[in-house]
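One structure below.
The values are calculated or read from the model by the stated rules, or taken from the named source; none is laboratory data. Keep in mind the model is a prediction, meaning the values are calculated, not measured. All Cβ positions, even for glycine, are placed from backbone atoms using ideal geometry, and neighbour counts span all protein chains on display. Heavy atoms of the whole protein, side chains included, go into the accessibility calculation; ligands, DNA and RNA do not. Shrake-Rupley method; radii C 1.70, N 1.55, O 1.52, S 1.80 Å.
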Amino acid sequence: MVIRSAEFIISNTDYLKCPPGNLPEYAFIGRSNVGKSSLINMLTNNSKLAKTSSTPGKTLLINHFLINKEWYLVDLPGYGFAKRSQKEQEKIQGIITSYILNRMQMTNLFVLIDIRHEPQKIDLEFIEWLGENEIPFSIIFTKADKLGVTRAKSNVLHYMDILKEQWEELPPYFITSSETKRGRDEVLDYIEQINKEL
Ligand code: GTP
Ligand code: MG
């Protein structure tokens, strides 16, 4: 898919105030600092579109970006940032869960996982919660440039093995790097395919 335009539309804490209409949207979720905003910039070839930071907890709102005037990419706040206060944590959690459970336009949720780490409880529980709520999702492994090819591959296979303990059918997955743009075509083609089937 060719990205002809990518424009920021609106930031929100409330899914009810997200853009009206029924254009399909694709949202990015995962732990703080996993690379959600960077991935949106990589996919759109615009390093300044979504705000990124080396400090976790940068994105605090639901951010809509209109792509090719036909569909949205949605940047969400990260979960599991230990340094937030309990109150702040609950607020962010509320924003994320109400968006995911109620936003009818959300066609697919990409769950981002840092390729370097052992499967983390917080992600596995989140994925299980998606299953319980029948939310369509796929997995994106991020920061692949930080590992060698062999290690990256074995980490991914290990992750999928762990998921097999929970799931009869595994979700689609992608290996990406916002530094090298690895996985860009695959993710965009996947979105294009879903858009065509709608
Ligand atoms: P929050 O908004 O805080 O939840 O974080 P986020 O998931 O949006 O992460 P963000 O895109 O802001 O990236 C966090 C840090 O990781 C930044 O320093 C990025 O430069 C770095 N980063 C993101 N993706 C990659 C990648 O593919 N490779 C490398 N090497 N660094 C990355
Ligand atoms: Mg972010």
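Each label point was placed 7 Å from the Cα along the Cα-to-Cβ direction; for ILE10 and GLU134 their separation is 2.8 nm. Note on LYS36: aspartates and glutamates with a C-alpha under 14 Å away, same-chain residues under 8 apart excluded, are ASP75, ASP114, GLU179.
If both residues of a DSSP beta bridge must be in the chain, then about 35% of such bridges are antiparallel. Structure note, pairs LYS69/LYS146; LYS58/LYS196; LYS17/LYS164; LYS51/LYS146; LYS87/LYS146; LYS69/LYS153: Cα-Cα distances above 31 angstrom occur for LYS69/LYS146; LYS58/LYS196; LYS17/LYS164; LYS87/LYS146; LYS69/LYS153. Residues ASP114, ASP145, ASP14, ordered by accessible area of protein heavy atoms at a 1.4 angstrom probe radius and largest first, appear as ASP145, ASP14, ASP114. Apply 1/(1 + (r/R0)^6) to the Cβ-Cβ distance of VAL149 and SER47, taking R0 = 25 Å, and write down the FRET efficiency to the nearest 0.05. So the FRET efficiency works out to roughly 0.45.
The H on the amide N of PHE137, modeled in the peptide plane, is under 5 Å from the matching H of LEU109, each at least 5 residues off or on a different chain. Taking the Cα centre of the chain as reference, the dipole from Cβ charges on Lys and Arg (+1) and Asp and Glu (-1) amounts to some 960 debye.
The simple spin-label model puts a point 7 Å past each Cα toward its Cβ; for TRP167 and SER54 those points are separated by 3.3 nm. Average 1/r across all pairs of distinct alpha carbons in the chain, invert it, and you get the Kirkwood radius: 17.0 Å. Taking ASP123, ASP185 and ordering them by how much accessible surface each has at a 1.4 Å probe, largest first, produces ASP185, ASP123. Overall, the anisotropy analysis places region 78-133 in the oblate class: the square-rooted eigenvalues a ≥ b ≥ c of its C-alpha gyration tensor yield a/c not less than 1.5, with a/b not exceeding b/c.
The alpha carbons of region 97-198 stretch over 39, 30, 23 Å along the principal axes, in descending order. Sum up the charges of everything whose Cβ sits under 12 Å from the Cβ of LEU112, counting Lys and Arg as +1 and Asp and Glu as -1, but leave LEU112 out. Computed value for this residue: 0.
Kindly provide the helix-only [θ] at 222 nm of the chain, computed as the sum of -39,500 (n - 2.57) over DSSP H runs of four or more divided by all residues, to the nearest 500 deg cm²/dmol? Roughly -11000 deg cm²/dmol at 222 nm, from the helical runs in the chain. Solvent exposure of the chain, expressed per residue, is 52 Å² of accessible area, with all protein chains present and a 1.4 angstrom probe.
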